[in-house]
Every structure is written in structure tokens, then in C-alpha cells.
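Just so it is clear, none of the values below were taken in a lab; they were calculated from the coordinates. What you are looking at is a predicted structure, and each value in this text was computed from that prediction instead of being measured. Here Cβ is always computed from backbone atoms with ideal geometry, including for glycine, and neighbour counts include all displayed protein chains.
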Amino acid sequence: MHTSTTTILFIYKYMLLLDSIKNKNSKVPIWFMRQAGRYLPEYRKVRSNFKNFLDFCYNPEAVCEVTIQPITRFDFDAAIIFSDILVIPDAIGQKVSFIENKGPVLEEIKNWDDILRYDESRLEQNLNIIYDAIKLTRKNLDKNKPLIGFAAAPWTIACYMLEQKTSKDYAIAKKFIYQNNIKFEQLIDVLTKNIIFHLRNQILNGCDLIQIFDSWAGVLNKDDFIKYSVIPTQKIVNAIKNEFPEIKIIGFAKSIGNKIEDYSGNTGIDVVGIDYTIDINKLNHLQTTFQGNLDPISLFGEKNIIKNQVLNILDSFKDKKHIFNLGHGIMPETPIENVEYVVDLVKNYRR
Ligand code: CP3
């Protein structure tokens, strides 16, 4: 009785991407970071209704619509909830705006004490609109497609909070580590608690797995990388796994080079994101699921170049658990036909 019920449920709902984290599959699932974005005309149409990017992120109907757009067009194997990593500083008291051609701009922190004392339970009232968007999206999304929730790791959020904008080297944020270490560690702690709360709310409202972005982990030296990227990520993973043992976690720490071993081995993540600079042939000894590596700029190349790169990645991970993805987010002017081409190659590949 029990077995047949499980079998029926299994047939009823099969998520290739989740299965591929547990098993070496003959088919490789595919999705792209930033798959809902400006390269899609249908995205630009919805986007044009909002002057302020965060107003867009805080509109559940618009979020649901653009989250599903790339699934409808390309039949990707997962949707990622349309939102941004900077909703956390915005919610805990540092207003964020997005300026065209400049990116995010954060106001100067004047209320340090309020931020450092911000209790994560207050996050719910500030971000409940995102949880409504997740509920709506899960309801409308194909039941066989997992919905990915996400947050950035504390270091990457701290970078934007301290720097107040995008930077090349995050020198202001790094100086803060050494010149205001107590305050810095308090900031990492408060962000860690809020990130855990934000991720658990995303799971409770319908996300099937989560991804942690540590986009600026690559600017840290080895010791600081362990202290401020690996350990906080491990705390987040432990907290989530404690409450939701079945939920899978993808970790993507960009440009960390050979520190990827520490990251993969010590954080407890289930899937390791691989940026486009990593030599994937040197990862053979790692026992994990891999995701990523295709250079997003190669999608501007000719089809034979794209084909070589895609097949090379697929062949290299042939004996590994593998989710196909880019090595960073897709670029705004990417030709759509080349995205279709990659999806086709991956969907027809068998190992
Ligand atoms: O992947 C997805 O499709 C989900 C949505 C998503 C967005 N941002 C939407 C977005 C996700 C997962 C993010 C994560 C994010 N945001 C990261 C981590 C990943 C990475 O790129 O390293 C970072 C660092 C940010 C911060 C951020 N948000 C920046 C630097 C910018 C401006 C850059 C740009 O391309 O203009 C954003 C804005 C943003 N977030 C856009 C999108 C689609 C573009 C804004 C627009 O449409 O006007």
C-alpha cells in the first residue's frame, strides 16, 4: 500500500534537477543564472512598467510572470524566483536603489546600532510580499519544475552595504574588516541570522531548493575566506538542514580558484557552483554535484564554438552528478537563438 502510493506520487511529480543532485542521471538538467532578465523581450515588457527595480521585485504578479517566462520559452529544468540579493539590506534599514547603467546604490549607514540589533523575526513583515510572490509562483509553475529560492552569503551582502555600490576590488569593505573588526563581525552575524530566516521563509512558502550566492568571495585572502565566507555559509547550511533535512543547497562562491576544495568540503552544500575561470578537469577528486562553468560571453560566439564548449563541459562531468549552467549570470544582449541552441544540445545529450 505504502509503496504503491509512493510510486504514484513519484510518477505524478518528477523533478529531474532534484534527482540529479542525488543520482548520476543519463540526462543532464539545465537552467541559467539570471535566466529571467533583459535579454528576453517579454521580460523587458514587464520591466517597463516599473521605474524602480525593487518595486518590481515587490510585486507578486510581476515576479510570478517573469519567473515563469524562461520556463515557457526554453523549458529549463528549474525556475529561480525573481528577486535580488539586496532585498536584505533594504529590509533591515539601509535603503537600496538601482540606477540605470550604474547598478545598485545603497544609502550611507547612519543607524549602525539599529542594523546590528535588527531582529530577524522583523524580516517577515518587511519581506512578506516576496513570500506571497513565491506562493503565487509555486501555484502557477509546472509541478515538475523545482522553484529555486536564494540569498547572498553574508560577505557579499556586507560588500554592498559597506561599499554602497558595486566595486572591482571591494577595498573599502576589506579595510573595514581590519579597521572595525568587532563591528564587522557583528554585521556578519546579524546578516547570517537574517539570511537563514529569509531562506527558511522561502522554503516554507514553496521553494524546493535554494542557492547561496557569494559573488565576491574571490576578493578575500585564504584566512578571511575561511572566516567570512566558509564558516558563515556552514552556519546557514546547518540551520537550514536542521529544520529541512531534505532541502538541497547549491553554493556559488565566485572566483575562488583552488579554494573551491575548502568551500565544497567544509560548508555542507550539496551542489558546488563552478565559475567560468575554473579548470573543471582538476575537480575530479571532489565528490559532489557540480553546476556551471559555461562562460556567459561564449553565448555571443558562433554555434560551432558554443557547441565545443558545451560538449566539453558535458563530457568532463560525464562521470559526475551534474547540473548544466553558466559560470555567471547571462548577459543582457545575449542572442536568444544561442540560448535555444545550448538548451537543445544539453537536452539531447545522453551519458
Ligand atoms: O537569476 C535570476 O533570474 C533570478 C533573479 C536574480 C537577480 N539578481 C535579478 C536582477 C538573482 C538571483 C540576482 C542575484 C544578484 N543580484 C547577485 C548575485 C549573482 C551575481 O550576479 O553575482 C548580485 C551580485 C546582485 C546585485 C545586483 N542586482 C546587481 C549588481 C545588479 C545590477 C547589474 C545589472 O545587470 O544591471 C542587480 C539588478 C538586477 N537583479 C537585474 C536583474 C534581472 C537587472 C535590473 C533590471 O532589469 O533593470
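Treat every Asp and Glu Cβ in segment 48-108 as -1 and every Lys and Arg Cβ as +1, leave all other atoms uncharged, and give the resulting dipole magnitude about the Cα centre to the nearest 20 debye.
The dipole magnitude comes to about 120 debye.
Identify all aspartates and glutamates with a Cα-Cα distance to K13 below 14 Å; exclude those on the same chain that are fewer than 8 residues away in sequence.
D77, D142, D208
Over the C-alpha atoms of the chain, what are the Rg and the largest Cα-to-Cα span, Dmax, in Å?
According to the Cα coordinates of the chain, Rg and Dmax are 19.7, 64 Å.
Could I get the Rg over Rh figure for segment 21-103? Both from C-alpha atoms, Rh via Kirkwood, rounded to two places.
The Rg/Rh ratio comes out at 1.04.
Over the chain, calculate the relative contact order: mean separation of alpha carbon pairs under 8 Å at least 6 apart, over the residue count, as a percent.
Reported as a whole number, the value is 21 percent.
Can you pull a Stokes-Einstein diffusion coefficient for segment 136-224 at 10 °C (1.306 mPa s), Rh from Kirkwood over Cα pairs, as a whole number of µm²/s?
109
For the chain, give the magnitude of the charge dipole about the Cα centre (Cβ charges: +1 Lys/Arg, -1 Asp/Glu; no others), in debye to the nearest 20.
560
Of the GluC sites (Glu not before Pro) in segment 56-101, which ones lie in a loop per DSSP and count no more than 12 other C-beta atoms within 10 Å?
E100
How high is the FRET efficiency from K27 to N221, r the C-beta distance, R0 30 Å, rounded to 0.05?
FRET efficiency, K27 to N221: 0.15.
Choose one of W155, F56, N258: the residue whose Cα lies farthest towards the positive end of the charge dipole of the chain (beta-carbon charges +1 Lys, Arg; -1 Asp, Glu; about the Cα centre).
In the chain, that residue is N258.
Based on Cβ point charges of +1 for Lys and Arg and -1 for Asp and Glu, what charge dipole magnitude is obtained for segment 175-262 about its Cα centre, in debye rounded to the nearest 20?
Here segment 175-262 has a charge dipole of around 180 debye.
Can you tally the lysine pairs in segment 178-299 where the Cα-Cα distance is under 24 Å and the two residues are eight or more apart, or on different chains?
Pairs that pass both the separation and distance tests number 27.
Cα axis of helix 336-348 to longest principal axis of the chain: angle in degrees, 0 to 90, nearest 10?
Approximately 60 degrees, to the nearest 10.
What spacing in nm lies between the two simple spin-label points modelled at R73 and K282, each 7 Å away from Cα in the Cβ direction?
Label at R73, label at K282, 3.6 nm between them.
If you take the alpha carbon radius of gyration of segment 198-344 and divide it by 2.2 N^0.38 Å, what ratio comes out, to two decimals?
1.09
Take every DSSP beta bridge whose two residues both sit in the chain, then give the antiparallel share in percent to the nearest 5.
15
Looking at segment 161-208, which trypsin sites (Lys or Arg not before Pro) are DSSP coil and have at most 13 other C-beta atoms within 10 Å of their C-beta?
K168
Using a Gaussian network model on the chain with a 10 Å cutoff between Cα atoms, which of I274, I305, I148 fluctuates the most?
The residue that fluctuates most here is I305.
At F300 and E108, where each label point lies 7 Å from the Cα along Cα→Cβ, what is the point-to-point distance in nanometres?
Placing both labels 7 Å along Cα→Cβ, they lie 3.7 nm apart.
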